[in-house]
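Before any comments, here is the structure.
The values are calculated or read from the model by the stated rules, or taken from the named source; none is laboratory data. Everything numeric in this text was worked out from a predicted model, so none of it was measured. Please note: Cβ atoms are built from the backbone with ideal geometry, for glycine as well, and neighbour counts cover all protein chains shown.
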DNA sequence: AAGTTTTTCGTACGCTGTACGATAATGATA
DNA sequence: TATCATTATCGTACAGCGTACGAAAAACTT
């Protein structure tokens, strides 16, 4: 995208009223705010991908100049951190009516996936070393509170949540890659597996897998894998706080220890 | 790192023998190869992080010039893909002596973690849309072959592996963040949770969790979470090919269907 | 020796984050 | 209202990035 940004900015500047005094033409004050900057950056990332988020581009969209942003945002890395935290604001906290900790974690997983899917770039941000901000802490507090109602202490709750979040994150990341591929289908082709390698005939099983069509991750696959995860967790949670899963009731392998592991 | 790269390159060029003819001073031919380029890039990423991998830097380390590399590597993105695939070459294939599919997956998970830990930047690469190359396919084929020996068909094996890999990937990513934090302890401090937010007192559970010290992911935590994962999978795998897990033998909830899910 | 192909390299363009200093707008105070 | 201090904005500049383009050199063929 050559000179596009600059052109856009010049266009914006050109249509400014010469008597502009802090109020833009349509009546919306364009004084900068940290919130406005973060929102603009998120909009860019949603629309054109995370790579398109540059200080100059954000400033251009805000009809401002690059350096003006640095009064509200210490650095670009901080801006990215704020973007990440802002997405946690969309997190719908666990409803009151969840019946047990398994349902709470189930809700947490689906809600996490929903938020991650809405902003595919979140996966990229989470790989850097980011700081957990207010929105994230708020969601975490709510879930901890919910889980504690069902008898899980903080340490164990954190363990479960951590593993679950890691799982959801990885799953959505894999989903995102596939979706990106599907969207860019116009390309000559972007084979997931190098065709040259498969053509050697040395890898019959992988070739057969490719032939029968890779199974793309979807809602059903997510639910299935999530239940594996939860089932495994249930097998480790002390029985007295285990949800009344009919499949488990008559089992003798309940773990008596009060510590998960 | 200002002008460092350029200086290094100039130094290298300066110490070149004027009668240089394809053989470098210490007798090692420095004709470029795709393999040498990839290896150099990996070395840089291991040492200075993925961000330090630039075409100019790689060329400098190879005592070459930036544009020379483009005859062996179509683009930087392709170079990154090749780096990723090369790491699969270090993957130690499942030993012959694994007793059942659960042991095979257990080995696969630990080996994946080992490789990922050796090259922390792999996590960053896997988030982009990459293509699976020969080394990756080789490892996949081996695991599929191993799993099929225990009665798992390709579709189900892929499902299990996919979820497991996603889990390992996410876990190591979390580990990597913590390790990076630990290494940069000299900094004034890099609180994982914003202290200003916690100081509001609105989030007592999170605050208590921070007080009692976050439990860093380690070998033990990995093994524990991995067993959750495998336990959940075992509950979904048809009973006749389920490994003889004593905890499961007397359970009636075996799923008779031949399809996982 | 001449011609062809492969490999290397210099230059240049547009982009990036941001340090620094000058300028403009705003709010407080005399 | 005039002056000053603070805050906000902006222009310029620097070093670095990926890589398109074309010239140059080296290597290999004939």
The range B:40-62, subset more than 13 Å from DNA strand D (Cβ to nearest atom) and surrounded by fewer than 17 Cβ atoms within 10 Å (Cβ to Cβ), residue nearest to residue B:122 (Cα to Cα):
B:46
Can you tell me which residues in the range B:153-167 are more than 8 Å from chain A (Cβ to nearest Cβ) and within 15 Å of residue A:212 (Cβ to Cβ)?
B:153, B:156, B:157
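Being surrounded by 12 or more Cβ atoms within 10 Å (Cβ to Cβ), at pLDDT 85 or above and touching a helix residue (DSSP H, G or I) at 6+ places or on another chain (Cβ under 6 Å) narrows it down to one residue among B:232, B:261; which is it? Give the steps one after another, and end with the answer.
On the way: B:261 fails: at pLDDT 85 or above.
On inspection, the qualifying residue turns out to be B:232.
Among the listed residues B:126, B:138, B:114, which satisfies the condition of being within 14 Å of another protein chain (Cβ to nearest Cβ) and under 19 Å from residue B:166 (Cβ atoms)? Steps first, answer last, please.
Details: B:138 fails: under 19 Å from residue B:166 (Cβ atoms); B:114 fails: within 14 Å of another protein chain (Cβ to nearest Cβ).
Result of the check over B:126, B:138, B:114: B:126.
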Filter the range A:168-213 for residues that are modelled with pLDDT of 80 or more and part of a loop (DSSP other than H, G, I, E, B); which is nearest to the other protein chains (Cβ to nearest Cβ)?
A:203
Could you check the range A:1-45 and list, in sequence order, the residues that are in a helix (DSSP H, G or I) and either over 15 Å from residue A:79 (Cβ atoms) or modelled with pLDDT under 50 (or both)?
A:4, A:5, A:6, A:7, A:8, A:9, A:10, A:11, A:12, A:13, A:14
Residue pairs meeting the criteria (Cβ under 7 Å; at least 6 apart or on separate chains; first within 14 Å of chain B (Cβ to nearest Cβ), in the range A:60-82; second in a helix (DSSP H, G or I) and near DNA strand C (Cβ under 8 Å from one of its atoms)):
A:76/A:55
